Amino acid sequence: MTEARRADQITRNRPDWITIALSIIIFILGVLPCAPNAEQAGNALSHRANLGVGCHIQAHIPSAGTLDGSYNDQTKINGGGFKVKYRFQKNQIEELPINIECVDVDNGRVNNGWARFDEYKNRWEAYFSGDDEDRRLLAPVTKVYQIQAINSRGYVITIDQTYGAPESRDRNMHFCLLRPPKALCGEAPVMRLNTPQNNALPYVLEVLKSVEFIDD
């Protein structure tokens, strides 16, 4: 066998390392598990719900979550909710239901509930309807967030429970988004105080910022 033929045979029998490397990468990608993750903004889907005249809303919710709503023409009662799934531990997904309703902007829940709009400061401030003792207890554990959504604005307020067994106390959230003449309001417990790693508030805020009132 000539040297040229021997070299040609060695070349043809030599492993194609590029092909082998690509095959290994494809195999690894195929067997790795893909865990659900509400943090992936690219997985957010657009959901719609009709809560009556002036309250047809849309929101972007991670694909594992939902948005639903209903309205009764006879009773004029509406209601619904978000369900947001979020990761609070490496391998654990939690689901948070948030109750919502649509009300008129002059409804007491909007301006005399948990917050009031301060026209001088041009911002929402916590509102304590009780006596001075209630204010003393609640003011240190209350926080107000100013929220700008797609075509509405409003507030989110969180209040930590100050009563009951410490291991069962929650951080409760209340919100209202105003687009006169209507407001979308809701509430939910967003964190157990003794397990701050399961705080759902950042996920809820992102959903609320995506809310859009759709023309009827």
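A short reminder: the numbers here are calculations on the coordinates, not readings from a lab. What you are looking at is a predicted structure, and each value in this text was computed from that prediction instead of being measured. Here Cβ is always computed from backbone atoms with ideal geometry, including for glycine, and neighbour counts include all displayed protein chains.
Some notes on this structure:
- As a proxy for reagent exposure, Lys121, Lys182, Lys83 were ordered by neighbouring Cβ count within 10 angstrom, fewest first; the result is Lys121, Lys83, Lys182.
- Proximal lysines to Lys83, defined as alpha-carbon separation beneath 24 angstrom and excluding residues fewer than eight positions away on the same chain: Lys143, Lys182, Lys209
- Evaluated with a Cβ-only charge set (Lys, Arg +1; Asp, Glu -1), segment 41-214 carries a dipole of roughly 520 debye about its Cα centre, given to the nearest 20.
- Sequence of Thr162, Thr142 once ranked by neighbouring C-beta atoms within 10 Å, starting from the fewest: Thr162, Thr142
- Directionally averaged projected area (convex hull, Cα atoms, segment 41-214), nm²: 11.3
- With a cut-off of 10 Å between beta carbons, the residues surrounding Glu101 carry a summed charge of 0, where Lys and Arg count +1 and Asp and Glu -1.
- For Arg179, residues with placed amide H under 5 Å, excluding near neighbours: Leu184
- Footprinting exposure proxy for Cys185, Cys102 (fewest neighbouring C-beta atoms within 10 Å first): Cys185, Cys102
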